[in-house]
1. Return the residue satisfying two criteria in turn: it lies in the stretch A:86-134 and is open to solvent by 10 Å² or more (accessible area, probe 1.4 Å) and at pLDDT below 95, and of such residues it is nearest to the other protein chains (Cβ to nearest Cβ).
2. State all residues of the stretch B:1-52 that are within 17 Å of residue B:72 (Cα to Cα), assigned to a helix (DSSP H, G or I) and among the β-branched types (Val, Ile, Thr); if no residue qualifies, say none.
3. Mind telling me which of the residues A:203, A:250, A:211, A:269 ends up being more than 30 Å from residue B:191 (Cα to Cα), among the hydrophobic types (A, V, I, L, M, F, W, C) and touching a residue at least 40 places away in the same chain (Cβ under 8 Å)?
4. Output the number of the condition that residue A:10 fails; it satisfies all remaining conditions of (1) buried (at least 20 other Cβ atoms within 10 Å of the Cβ); (2) at pLDDT 95 or above; (3) more than 19 Å from residue A:453 (Cα to Cα).
5. Which of the numbered conditions does residue B:258 fail, given that it passes all the others? Conditions: (1) open to solvent by 30 Å² or more (accessible area, probe 1.4 Å); (2) in a helix (DSSP H, G or I).
6. Is it the case that residue B:446 is at the interface with another protein chain (Cβ under 8 Å from one of its Cβ atoms) and in contact with a strand residue (DSSP E or B) (Cβ under 6 Å, 6 or more places away or on another chain)?
7. Only residues that are open to solvent by 10 Å² or more (accessible area, probe 1.4 Å) and part of a loop (DSSP other than H, G, I, E, B): list them for the stretch B:425-443, please.
Number of protein chains: 2
Amino acid sequence: MPLNEAVLAGLENIVGKGNVAADAAARYVYGSDASIHHHTPDAVVRPGCTDEVSRIVGLCDKELVPLTTRGAGTGLSGQAVPVKGGIVLEMMRMNRVLSVRVEDLYCEVEPGVVFAGLNRALEPHGYWWPPAPGSGDVCTIGGMIANSASGIRTVKYGATRDLVLGLEVVLADGTVIETGNRGLKNASGYQLEKLFVGSEGTLGIITKARLRIVPRPKSSGSLIASFPSLEAAGGAISQVYRNRLVPSALEIMDRNCIQAVKRKFGTPLPDAEALIIIEMDGDRRVVEEDLKAAGEICRAAGAGDIDYATDPAKVAMIWESRKQVLPSMASFGGKGPISVADDLGMPVSKVPEVVRTFGEIARRNGLIIGAYGHAGEGNIHGKVLIDVKSARDWEAARRATDEIYEAVLKAGGTVSAEHGIGITRARLFRLERGASIEVMRRIKKALDPKGILNPGKMFDAPDDMLSENRYILGECD
Amino acid sequence: MPLNEAVLAGLENIVGKGNVAADAAARYVYGSDASIHHHTPDAVVRPGCTDEVSRIVGLCDKELVPLTTRGAGTGLSGQAVPVKGGIVLEMMRMNRVLSVRVEDLYCEVEPGVVFAGLNRALEPHGYWWPPAPGSGDVCTIGGMIANSASGIRTVKYGATRDLVLGLEVVLADGTVIETGNRGLKNASGYQLEKLFVGSEGTLGIITKARLRIVPRPKSSGSLIASFPSLEAAGGAISQVYRNRLVPSALEIMDRNCIQAVKRKFGTPLPDAEALIIIEMDGDRRVVEEDLKAAGEICRAAGAGDIDYATDPAKVAMIWESRKQVLPSMASFGGKGPISVADDLGMPVSKVPEVVRTFGEIARRNGLIIGAYGHAGEGNIHGKVLIDVKSARDWEAARRATDEIYEAVLKAGGTVSAEHGIGITRARLFRLERGASIEVMRRIKKALDPKGILNPGKMFDAPDDMLSENRYILGECD
């Protein structure tokens, strides 16, 4: 359904004709993100500044037009899919790095700045903003904040939520608020800058962010170790922490991921049940000593092959296999991965037990599931592989997803450590959060009483994730 | 006004007679915290478990009895003063360390655990929980979370808000919710565990906390450097960050603090305009090299005396002068300090300019103001010294406080970096937070519609902080 003419004219009046698109092609494209979901918006609007955002939101508030904010559209759970129609507010024009203040340990950015671009701007200062997600070359800072994103170095440097010092936010009625301050902490009322992190565009629109920056490490080194069992790998990780080592990354790949990488790229990995990659960073001598200590821990825990590297070229080779996991899984066993159980959080020590369960669930449901991810903080990505044209496979994936999340919640975990809730995870999110859901609903109602901001997500998404799965199901016809 | 008999009997029924006190002496004692405020509660109730807290809150909700939660009562802004009467809920009986899980990098505690006690429990594991406030020997974890506390090592390890992974909270209607999860991060809905941090008991009662723990550093070393001007000291701090050094503490003392320490304790400090103390921790070789680099930076920035230490005894001596500041100020110039402008946050680079302003404000108002604190994160403690029996001095302090905060807000700072808002800072907090105040009010209303949890604080405290200052004014008669 197209927007009524007056609303469209109002939007064009705010941002200019060139920044409103209501043609079928644009609307179709902006109906998807990187998830399995699709819904066509009525229009796409591209604001250039906070004042424009405020006026757009004011108009939507008055006319009751649903508004879904979008960065680069890399979200994996449908956060940027406008399931109730209305407008998609695309923030990519607001893409300036506003300041880099090394002496104050912060930088200020507009929400459309791309993660990698920010780090290029910080590099000449010898600083960086660490929470590197897999999509870091394209994803935006605004999207990272809205989805509480993180990545492989979060285990040492913290997730996005830990590195946001302040936000400028446009509320549902168009009011602009400032949160946080220009110091490095505050105890000045409710920590609203933290509340907006992970709120997925349901409470307000982030128009500026102040981020804590940290010095780039002077050097780094990595090791890769293969293990005869998931439990042996898990034992090594526990010992790393008991020995007070502080890795800057600690990743795991299970048997399926190892095999997929070997077949697709011919990477010479051992035929192990699990691989772990450990990175240390900092002073070169300490890096070398800590890597050696970590290697001895792995050996004592039963590791077979262990490879070390501190020169950048060899370090890059070690990490190449980790980067190959996702593209390898895209075609492993003639099937493709769907993002349904892709982001599990759990206690670090429970990783072996839970990943082993995935194998049983996969067998039971006739599926292939690969597991890899940030084992050092208990964050595992489960890739469920299916034939996306098979209704039977979709059904099996749905069953397997439920079983996977049941295992994760039983272990005291979460249905999302870093990918967000959106639509895909909504039912299990409600199961996980229990009585907290009512608190979230009340906060949503208090800040967005008319429900115009990203409606139909999280607590308001349907029980059946596939009921919004119009894009993929459309292709199944 | 005593509580009605039925409510009192109901409370005794929940926690046992021995854990309810309604006699004049107990009520008087629990009318104060470490702030300038006082108000006598109707009763003091000491719960022993979450279920008791839930039932107490349920009763207060039904009978509309105001409820103010209290840990060790070390708050400096009146957070635990029951200004609307009702009951004080004293959490010190819930004081167990429930688990220490080094392999999962967290521990779980009840809210009445004392900060120093938790760290004694973590020490045998080689771990600690870092955000050490000045009151760390007595303050509770629950109080630290409720007030978003921090301390001298926050500059490297983060504030309380950064190190809380999950909370169990009793809401205003008695409902118990769990937030966070047992992994190290989550992107699973609104980050409620962060919202409760700094909410000062106005949104719920913390009954359990899951905290990120970190390895204790292997060694540490410190330097103390004197400067001929605040600007020279500030220049050194900027250069420390430009050179990518990461201090584990970076403190400052101004001329008044230096003189107070010299007079009171005879500590042989130089007659400088400013002293800074820098601590580095980690590998011993790196600590020594980084301290040397920091010392050279100080020298280049104009430092006079520079003293280094890496052996623990000499390190302790360097820090002794910093610890002597507060007791020294207690009697400097025949006056005593009041907590009114004691916790200022600002951009790190603005510290010299703002502290210089304090001197002008002090002169203009006929007061002495000493400034010291966590300069490395822009958190300065201003100690306003007055004769507490002089109405003129109170009036001058009130004027000076306004002027100090005006300077801080102009610099992009906050009226509280770590001491909280309570009553003392309420008016200036509202000035600082502007349109955000309405957001906080709406959240408060959504979670505590009857307004029974710590009423009369933050956004609801009176404009005139001295209108609740009954304790001190009582002594002035």
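1. Of everything passing the filter in the stretch A:86-134, A:133 is nearest to the other protein chains (Cβ to nearest Cβ).
2. Across the stretch B:1-52, the qualifying residue is only B:29.
3. Unique residue meeting the criteria: A:269.
4. Answer for residue A:10: the failing condition is (3).
5. (1)
6. On the way: at the interface with another protein chain (Cβ under 8 Å from one of its Cβ atoms): yes; in contact with a strand residue (DSSP E or B) (Cβ under 6 Å, 6 or more places away or on another chain): no.
So residue B:446 fails the test.
7. Scanning the stretch B:425-443 gives B:434, B:435.
The rows are residues; the columns are (1) within 14 Å of another protein chain (Cβ to nearest Cβ); (2) modelled with pLDDT of 85 or more.
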site: A:303; (1), (2): no, yes
site: A:306; (1), (2): no, yes
site: A:309; (1), (2): no, yes
site: A:312; (1), (2): no, yes
site: A:318; (1), (2): no, yes
site: A:334; (1), (2): no, no
site: A:339; (1), (2): yes, no
site: A:345; (1), (2): yes, yes
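The values are calculated or read from the model by the stated rules, or taken from the named source; none is laboratory data. Bear in mind that the values here come from a model prediction, so they are computed numbers and not experimental data. No Cβ is skipped: glycine too gets one built from the backbone with ideal geometry, and neighbour counts run over all protein chains shown. Accessible surface areas use protein heavy atoms only, side chains included; no ligands, DNA or RNA. Shrake-Rupley method; radii C 1.70, N 1.55, O 1.52, S 1.80 Å.
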